1. Given the conditions (1) surrounded by fewer than 17 Cβ atoms within 10 Å (Cβ to Cβ); (2) assigned to a helix (DSSP H, G or I), and given that Ile317 satisfies all but one, which numbered condition is not satisfied?
2. Might you check whether a residue that is surrounded by fewer than 16 Cβ atoms within 10 Å (Cβ to Cβ), of a type outside the set (Phe, Trp, Tyr), touching a Phe, Trp or Tyr at 6+ places or on another chain (Cβ under 9 Å) and not in a helix (DSSP H, G or I) occurs anywhere in the stretch 502-518?
3. Within the stretch 624-666, can you find the residues that are among the basic types (Lys, Arg) and over 20 Å from Ile97 (Cα atoms)?
4. Just checking, how many residues over the stretch 519-544 are surrounded by fewer than 20 Cβ atoms within 10 Å (Cβ to Cβ) and under 22 Å from Gln417 (Cβ atoms)?
5. When the residues of the stretch 440-453 are narrowed to those that are of a type outside the set (Asp, Glu) and buried (at least 16 other Cβ atoms within 10 Å of the Cβ), which ends up farthest from Gln424 (Cα to Cα)?
6. Take the stretch 200-225 and flag every residue that is surrounded by 21 or more Cβ atoms within 10 Å (Cβ to Cβ) and among the hydrophobic types (A, V, I, L, M, F, W, C).
7. Going through the stretch 454-491 one residue at a time, which ones are within 34 Å of the chain's Cα centre (by Cα) and of a type in the set (Val, Ile, Thr)?
Amino acid sequence: MTTQQQITELRTVLKEHNYRYYVVDEPTISDFEFDQLLKSLKDLEDKHPAFFDPNSPTQRVGGSVTKNFDTIVHEHRMYSLDNSYSQSDLEDWESRIKKVIEEPVTYVCELKYDGASISLTYENGALLRAVTRGDGLEGDDVTANVRTIRSVPLTLKGSYPERFSIRGEIVMPKTGFEALNEQRIAAGEEPFKNPRNTASGSLKLQDSAEVAKRPLTCLLYNLQGEGLDVSTQYHALEKARAWGFKVPAQGRHCADLSEVLSFVTYWESHRHELPYEIDGVVVKVNDLRHQEILGFTAKSPRWAIAYKFQAEAAQTILESVVYQVGRTGAITPVAQLAPVDLAGTIVKRASLHNADQIAKLNLCLGDHVFVEKGGDIIPKITGVNFAERLPNSTPIDFISECPECDTTLVRQEGEAQHYCPNEQGCPVQIMGRIQHYISRKAMDIDGLGEETVSLMVRQGIIKDFSDLYTLRVTDLLPLERMGEKSAQNLVLGVAQSLTKEFDKVLFALGIRHVGQTVAKKLAWHYKSVDVLAEATVAELVNVDDIGIKIAESIVRYFDDTENRKRLERLRAYGVQLVLAEQSKLETRPAIFEGKSFVVSGVFANYSREGLKDLIALYGGKVVGSISAKTSYVVAGDQMGPSKRQKAENLGVSLLSENDFTGMINAGVQTNLFD
């Protein structure tokens with residue numbers, strides 16, 4: 001047997017033993033025997049580096065160091081799920097489904113594991129990339145770290161598509177978490193607080209060899225891609241299991257909602273028997289054709305919902321309330337609590353949201369309060385044990401002045417929060433705007449962190465994020481712990497930010513209510529800050545996903561003289577305030593300008609989301625329901641007869657898939673609707 005054959009055989013044997021041990025929990029050899037085989041393979045690979053393979057079992061130990069994780073745009077957006085907390089919530093969800101799907105619907109129930117979401121992409125049967133959820137549109141490339149997780153197959157079994165993605169959850173088993181903490185305590189280190197945060201933090205460790213030491217596992221549950229040859233969610237789970245993925249065995253195909261409720265009830269009372277932490281059940285429409293018809297809202301799939309178990313609660317004492325100032329001037333009251341153990345985490349603080357929440361809870365200092373984790377994550381006060389309230393307790397009055405600059409607070413009509421209006425003089429707002437501007441999702445300026453921003457503002461080196469472009473190395477050297485090399489890197493990072501595209505800049509400006517997704521839509525639609533600055537509220541609300549609150553905020557921003565001056569400074573320094581000329585968005589004719597579309601049914605050559613993207617790409621607007629104002633309904637197979645009838649009654653034009661394609665072709669050639 002040749003050396004190459006020996007290496008190939010050892011890799012095959014070790015891969016199978018790894019699968020049996022970490023995926024199906026049916027080991028056939030001892031740990032010692034496995035380690036001996038692994039050592040034999042490593043010795044051969046060390047002696048013959050020409051046969052190196054990144055997917056070899058020996059590469060599970062890690063060793064690569066990643067200082068900065070690259071941001072990767074998801075091939076398939078990772079949506080969040082709508083939550084439900086009761087039987088009536090699930091019944092309402094099913095009612096909405098049945099208004100669209102006019103045939104029997106079945107469901108798949110899966111346990112909602114409490115970990116860190118991950119998207120794995122495979123090409124030709126080998127792991128290509130692992131990306132965290134991030135904001136759903138893009139996440140961090142953590143491939144080197146995920147390769148060390150032994151339940152993640154580096155190569156697949158059987159027959160599989162050429163390229164696809166699979167979504168799952170990186171979790172830390174309870175026993176592994178306890179063992180890890182025992183090791184840390186024995187070493188004199190602080191124990192970790194809970195498995196979920198430990199799993200999430202492990203993915204961002206810079207040294208993959210350290211990740212390899214963590215007892216992580218990966219549970220997979222959602223296939224995405226072309227040519228998957230599956231028709232139902234349950235079939236997809238079976239396929240993934242056959243390819244070598246660790247797919248939880250508890251998933252169940254349910255014929256109706258009563259079976260769904262039985263599954264939910266069982267696992268709510270038996271969840272503590274599982275080796276992993278869960279916080280609910282995910283219910284999905286089983287038929288993928290039905291999923292396609294139901295589609296998505298802006299944030300979540302209509303065909304899936306999370307049933308969240310009742311949160312664990314504890315009682316503690318409200319010691320004080322402090323007030324935080326955000327970058328937009330929003331004032332958030334935060335309860336300071338006597339430390340209490342809640343679901344494995346020591347809780348000392350809880351958000352009180354706003355003045356209305358304090359009044360609703362009727363809070364007094366010294367109250368015994370009930371605290372739970374909202375969605376098992378964010379601590380919140382849910383009530384007061386009035387039987388324990390002391391006589392003459394002091395009610396909590398919301399502050400009237402900014403705790404940072406003493407400016408009188410304002411509360412606009414229709415707003416829940418109080419704001420500090422001193423945007424240009426409040427130091428926390430100034431620092432917050434700069435920190436937002438430099439953040440990774442915005443201008444992503446290397447070498448500049450929150451602490452450095454705070455020092456520069458407090459020492460008067462900068463007063464605004466536009467001042468960053470005037471910085472010189474000599475300005476920075478007097479700062480604490482700032483060496484010449486660090487100062488040079490910071491100035492270089494600022495200069496490199498000039499290449500950031502317009503949508504990133506628009507998000508970085510920090511306009512209230514304008515997040516990443518909205519910034520992209522505005523950049524796409526208006527193509528330059530000058531055109532956007534002149535838009536009226538009435539014009540803005542006609543842009544897809546722009547509501548009245550966002551529109552009014554944008555107009556207020558550009559009406560502010562200081563903001564206009566800031567933009568002119570940024571323009572002078574070379575910041576990108578127009579859509580890049582090479583962008584494909586710039587070259588598309590607005591052939592659907594002023595037209596609104598409803599998309600309904602299943603299509604042969606497009607996904608529903610793909611159709612919607614095309615409509616928006618050519619200047620049209622997608623709406624959710626048919627009305628007299630609707631321009632067209634793009635009608636596919638399985639379109640509900642009630643929708644078709646409504647369109648015909650209102651005289652709305654029905655387009656087949658071919659009609660739609662022809663309209664684009666004609667419009668591209670002649671700018672039909674210009």
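The values are calculated or read from the model by the stated rules, or taken from the named source; none is laboratory data. Since we're looking at a predicted model, the values are computed, not measured. Ideal geometry is used to build each Cβ from the backbone, glycine not excepted, and the neighbour counts take in all protein chains shown.
1. Status for Ile317: all satisfied but (2).
2. Yes, the stretch 502-518 contains at least one residue that is surrounded by fewer than 16 Cβ atoms within 10 Å (Cβ to Cβ), of a type outside the set (Phe, Trp, Tyr), touching a Phe, Trp or Tyr at 6+ places or on another chain (Cβ under 9 Å) and not in a helix (DSSP H, G or I).
3. Of everything in the stretch 624-666, just one residue is among the basic types (Lys, Arg) and over 20 Å from Ile97 (Cα atoms), namely Lys629.
4. 1
5. For the stretch 440-453, the residue satisfying everything is Gly447.
6. Those that are surrounded by 21 or more Cβ atoms within 10 Å (Cβ to Cβ) and among the hydrophobic types (A, V, I, L, M, F, W, C): Leu203, Val211, Leu216, Cys218, Leu220, Leu223.
7. Val457, Ile462, Val491
A quick yes/no check of all residues on (1) outside any helix (DSSP H, G or I); (2) of a type outside the set (A, V, I, L, M); (3) over 27 Å from Phe603 (Cβ atoms); (4) touching a Pro at 6+ places or on another chain (Cβ under 6 Å):
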{"site": "Ala249", "(1), (2), (3), (4)": "yes, no, yes, no"}
{"site": "Glu259", "(1), (2), (3), (4)": "no, yes, yes, no"}
{"site": "Ser262", "(1), (2), (3), (4)": "no, yes, yes, no"}
{"site": "Thr265", "(1), (2), (3), (4)": "no, yes, yes, no"}
{"site": "Ser269", "(1), (2), (3), (4)": "no, yes, yes, no"}
{"site": "Tyr276", "(1), (2), (3), (4)": "yes, yes, yes, yes"}
{"site": "Val281", "(1), (2), (3), (4)": "yes, no, yes, no"}
{"site": "Lys284", "(1), (2), (3), (4)": "yes, yes, no, no"}
{"site": "Lys299", "(1), (2), (3), (4)": "yes, yes, no, no"}
